[in-house]
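Notes follow the structure.
The values are calculated or read from the model by the stated rules, or taken from the named source; none is laboratory data. What you see is a predicted model; the values in this text were computed from it and never measured. So basically every Cβ, Gly included, is an ideal-geometry build from the backbone, and we count neighbours across all protein chains shown. Side chains are part of the model used for accessible areas, which takes the heavy atoms of the whole protein and leaves out ligands, DNA and RNA. Shrake-Rupley method; radii C 1.70, N 1.55, O 1.52, S 1.80 Å.
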Amino acid sequence: MKVKGSVVITLNSGEKALILIAKNKSEQEKLYHHLSIDAYQFKNEISEEAPKIAYISAGYKSETNEIIWEDNYIPIPKWYDKN
């Protein structure tokens with residue numbers, strides 16, 4: 001599972017979400033599953049290094065170069081909740 005890029009989007013609520021871009025839809029589904037179940041250390045590092053990021057998800061680029069992502073966003077723990 002390789003991440004080919006990333007993009008930060010602003011949700012309608014004003015919160016930021018980090019979308020990790022996978023190679024294709026199949027890899028995107030695997031990546032999303034990994035982020036939702038595992039990746040505890042990764043999510044903790046994001047909470048500390050990029051505290052404005054509230055959510056994370058996975059996506060991929062379609063054949064027309066459009067980024068498609070899972071919009072069931074995974075919350076990132078707030079750095080101050082961990083102390």
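What to note about this one:
- Residue match in the range 17-26 (condition: in contact with a helix residue (DSSP H, G or I) (Cβ under 7 Å, 6 or more places away or on another chain) and either more than 13 Å from Tyr73 (Cα to Cα) or among the charged types (D, E, K, R) (or both)): yes
- Cβ-Cβ distances below 8 Å connect the following pairs, each with a first residue in the range 52-80 that is surrounded by 14 or more Cβ atoms within 10 Å (Cβ to Cβ), a second residue that is in a loop (DSSP other than H, G, I, E, B) and among the basic types (Lys, Arg), and a separation of six or more residues or different chains: Tyr60/Lys23.
- Filtered residue count, the range 24-49, keeping only those that are assigned to a loop (DSSP other than H, G, I, E, B) and either touching a Gly at 6+ places or on another chain (Cβ under 6 Å) or modelled with pLDDT of 95 or more (or both): 1
- Being surrounded by 13 or more Cβ atoms within 10 Å (Cβ to Cβ), within 12 Å of the chain's Cα centre (by Cα) and touching a residue at least 40 places away in the same chain (Cβ under 8 Å) is a description that does not apply to Ile46.
- Ile19 part of a helix (DSSP H, G or I) and either under 20 Å from Asn65 (Cβ atoms) or of a type in the set (A, V, I, L, M, F, W, C) (or both): no
- Taken over the range 12-30, residues that are open to solvent by 40 Å² or more (accessible area, probe 1.4 Å) and closer than 25 Å to Pro51 by Cβ amount to 5.
- Going through (1) free of Cβ contacts under 8 Å to residues at least 24 places away in the same chain; (2) open to solvent by less than 50 Å² (accessible area, probe 1.4 Å); (3) out of contact with any strand residue (DSSP E or B) (no Cβ under 8 Å at 6 or more places or on another chain) one by one, His33 falls short only on (2).
- Ile9 in a strand (DSSP E or B), under 12 Å from the mean Cα position of the chain (by Cα), modelled with pLDDT of 95 or more and surrounded by fewer than 18 Cβ atoms within 10 Å (Cβ to Cβ): yes
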